[in-house]
Amino acid sequence: MKIIAMQGVPGSGKSSTVARLAAEHNAVVICLDDIRAELTGDASDQSRNAEVMPLATARASAALAAGRSIIVDSTMIKREWLGSWEAMASKHGADLVLVSVRVTLATAQARNASRSRVVPAHVIERMYNDLQAFDYRGLRVQVVDNN
């Protein structure tokens, strides 16, 4: 059983990677944007974020209790965002793997510009810079180069 935590800026190709990994591992996908959309009707609406993580962790815990692996589809730009998933992996005896989907900033910006839900360029740049400072020590990491 695995918890696969996705990492990457918008436009990096996380969604394509999630689809491939979900099929390979027969995993349940826990997408924070999808939960936001369920709650607000808009995946980019952050107004009910306090409800997103409890729903995500409840769904993930139920899937793990049923013996299923999960994929957490999120940007996971900051190390502290992994905390609840590390605790859940320990509680359920699951392996935690961080799949870091990497692209250049220029590639992410170009892909983002062609998406239906465009993230502001300055936000992607900030997230990209945060990712460069990420502390990977002690984590099992799989890198996917999506340039």
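The values are calculated or read from the model by the stated rules, or taken from the named source; none is laboratory data. Remember, predicted model here, so these are calculated numbers, not experimental data. Positions of Cβ are generated from backbone atoms using ideal geometry, with glycine treated the same way; all protein chains shown enter the neighbour counts.
Do you know which residues across the range 94-131 are in contact with a helix residue (DSSP H, G or I) (Cβ under 8 Å, 6 or more places away or on another chain), free of Cβ contacts under 8 Å to residues at least 60 places away in the same chain and not in a helix (DSSP H, G or I)? Across the range 94-131, the qualifying residue is only VAL118.
Here PHE134 fulfils each of the conditions (1) in contact (Cβ under 8 Å) with a residue 40 or more places away in the chain; (2) assigned to a helix (DSSP H, G or I) apart from (2).
Restricting the range 44-61 to residues that are surrounded by 16 or more Cβ atoms within 10 Å (Cβ to Cβ) and small (Gly, Ala, Ser), the residue that is farthest from ASN26 (Cα to Cα) is ALA56. Of the candidates LEU82, LEU64, LEU21, the single residue that is buried (at least 19 other Cβ atoms within 10 Å of the Cβ), aliphatic (A, V, I, L, M) and either in a loop (DSSP other than H, G, I, E, B) or at pLDDT below 95 (or both) is LEU82.
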